[in-house]
Amino acid sequence: MKGFDYNLPAGMTDPALIGGLQGALLSELVDQLLECSPHYGHLLREAGIRSSDIRSIEDIVRLPLTSKEDIQSDHDPFLSVDKRRVREVVSTTGTTGEPLFFALTEGDLKRLAENERRTFSVMGVGPGETVQVAVAMDSLFIAGLAYSLGLRQSGATIVRSGPRDPKRQIRLLEELAPSAIIAVPSFLLHLAKEAEGMGIDPSALKLEKALLIGETVRNRDFSSNNIGKMVENMWRVATFSTYGITEASIAFSECAMKRGMHAHPDFVFVEVLDDEGNQVADGEPGELVVTTFKVEGMPLLRYRTGDITFIEPSHCSCGNPSQRIGPIIGRKAHRLKVKGTTVYPGAIKNALYSLNGITGYQVIVLSNDDGTDRIKVIVGSENFAPGFEDEVTESIRAHARFTPELEVVPSADMEKLLLSGNSRKRQTFVDRR
Ligand SMILES: [Zn+2]
């Protein structure tokens with residue numbers, strides 16, 4: 001790959017200047033919030049904070065944190081513009097499953113487009129290339145909207161296939177020969193199997209690149225995990241991992257070096273905090289906290305995402321000096337404590353993906369009397385051969401570093417378990433602590 005065109009604003013490519021510029025952006029944000037945001041205006045005035053108090057980006061620790069619960073319980077005062085300026089509403093899921101709405105202005109849509117234009121630029125996607133967007137374009141999802149706007153800016157040709165109908169997706173890949181696809185990794189694995197079933201070798205199609213969202217495809221050392229490796233091997237494509245935050249209208253994306261996902265310094269400032277709300281050292285895992293720059297509709301100050309990752313301390317050899325985050329290790333709320341080891345359910349999923357014959361899984365967490373967690377993993381399979389259970393247990397031990405209680409059930413029973421309860425989503429994680 002050649003010709004990285006980050007096309008970042010002046011100063012944002014100079015490591016010596018970024019800190020100062022972000023300090024100025026933060027000071028501007030405080031002014032904007034005092035003037036336009038009923039929620040933050042009240043908080044900042046109560047704390048006696050003015051924009052002149054922000055002399056550098058390090059002063060961010062003086063500002064209040066924001067949680068999803070804050071937005072959920074007091075939504076409207078987060079809106080910082082007149083309602084007539086809102087052009088699009090997107091949603092994400094709140095902590096108790098109900099939708100949480102976010103308002104975007106014309107300026108916010110342009111910012112969203114520019115964020116993704118940069119992603120496609122580092123992927124080498126531009127005029128003359130066709131990109132199949134196999135994620136939801138409707139249902140108030142921000143991702144499909146962002147990709148569509150960003151691709152338009154990049155000059156590429158867009159094929160909005162959406163996330164369904166695998167057979168049609170394969171036919172589109174054959175007939176329109178896109179060079180890149182945007183999809184959830186497990187859906188791409190499903191598509192590859194479907195193609196093989198149709199007598200088509202997925203690696204013989206014209207696809208060269210895949211932008212992967214929604215699931216982690218890297219280990220903490222940035223090597224591809226089992227899901228990532230399977231996508232790379234089945235499709236023979238270069239994979240790029242990306243992670244977006246609906247609430248902040250931003251996405252982080254890998255460059256060709258694949259050593260962390262770049263942030264855009266003029267759009268976001270990244271912190272990683274411990275449970276007490278203090279910044280941890282670069283390289284140490286903690287909760288990802290983001291502050292938005294240049295958002296008009298619903299700007300956010302130190303928003304706690306609930307996702308666990310780390311800030312990569314090394315410089316990226318691609319030359320972009322921006323902050324980078326590691327892969328998402330898990331959700332803070334799903335953190336498990338097993339005999340002194342911290343485990344996230346994603347590690348169990350990754351372990352199961354290295355095995356054949358598993359059709360589904362569910363992780364159930366229970367409490368021991370001593371306050372530690374007891375973890376039961378139920379696996380759906382038609383493989384009841386002696387030794388299979390041991391193979392599954394060994395894989396979990398190797399990838400997640402603990403030994404679970406394991407039960408293998410027929411695939412049909414697994415499906416019933418996954419779809420029980422009130423949620424529309426498959427219940428792969430059940431918390432009974
Ligand atoms: Zn890079």
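A few remarks follow.
- Calculated mean residue ellipticity at 222 nm for the chain: -9500 deg cm²/dmol, from DSSP H runs with n ≥ 4 weighted as -39500 (n - 2.57), summed, divided by the residue count and rounded to 500.
- Taking the DSSP beta bridges with both ends in segment 335-431, the antiparallel portion is around 60 percent.
- Accessible surface calculations at 1.4 Å, restricted to protein heavy atoms, place segment 251-391 at 38 Å² per residue.
- Kirkwood-based shape ratio for segment 90-135, expressed as Rg/Rh from alpha carbons: 1.12
- Segment 1-331: C-alpha gyration tensor shape, a/c 1.5 cut-off, then a/b vs b/c: prolate
- Net lengthening on full extension, F141/D275 (0.36 nm per residue, minus Cα-Cα): 45.3 nm
- Within segment 122-172, the percentage of alpha carbon pairs spaced more than 16 angstrom apart rounds to 41%.
- Percent carbon-and-sulfur accessible area, the chain, ignoring ligands, DNA and RNA, probe 1.4 Å: 49
- Spatial separation of Cα centroids for segment 188-219 and segment 344-383, in angstrom: 25
- Added length on full extension, which subtracts the Cα-Cα distance from 0.36 nm per residue, R87 to K337: 85.6 nm
- Of all DSSP-defined beta bridges confined to the chain, some 65% are antiparallel rather than parallel.
- For the cross-link pairs K294/K332; K110/K229; K209/K425, the ones whose C-alpha atoms lie over 32 Å apart are K110/K229.
- Cα gyration tensor, segment 224-378 - rounded (a/c under 1.5), prolate or oblate: oblate
- Probing with 1.4 Å while keeping every protein chain in the model, the per residue accessible area of segment 18-68 equals 49 Å².
- L419/E391 FRET efficiency (R0 30 Å; Cβ-Cβ; nearest 0.05): 0.70
- Listed residues A398, A385, A204, most fluctuating in the chain (Gaussian network, C-alpha, under 10 Å): A385
- Remark: the Cα gyration tensor places segment 1-118 in the oblate category, a/c being 1.5 or greater and a/b not exceeding b/c.
- Using alpha carbons only: equivalent-ellipsoid semi-axes of segment 101-260, gyration tensor based, whole Å: 24, 18, 15
- Within a Gaussian network of the chain (alpha carbon springs, distance under 10 Å), most fluctuating of L145, L301, L355: L355
- Working from label points 7 Å from Cα in the Cα-to-Cβ sense, the M198 to E175 distance is 1.0 nm.
- Computed FRET value (nearest 0.05) for S354 with S314, which takes r as the C-beta separation and R₀ as 45 Å: 0.95
- Dipole magnitude of the chain, debye to nearest 20 (Cβ charges: Lys/Arg +1, Asp/Glu -1, about Cα centre): 700
- Where N is the number of residues in segment 334-433, Cα Rg divided by 2.2 N^0.38 Å: 1.04
- Relative contact order of the chain, defined on C-alpha pairs under 8 angstrom at six or more residues apart (%): 12
- Residues of segment 357-372 with amide N under 18 Å of a point placed 7 Å along Cα→Cβ from V430: 359-368
- Nearest 10 degrees, 0 to 90: helix 388-400 Cα axis against the chain principal axis: 20
The values are calculated or read from the model by the stated rules, or taken from the named source; none is laboratory data. Just so it is clear, the structure is predicted and the values come from calculations on it, not from any experiment. Here Cβ is always computed from backbone atoms with ideal geometry, including for glycine, and neighbour counts include all displayed protein chains. Surface accessibility is based on the protein's heavy atoms, side chains included, excluding ligands, DNA and RNA. Shrake-Rupley method; radii C 1.70, N 1.55, O 1.52, S 1.80 Å.
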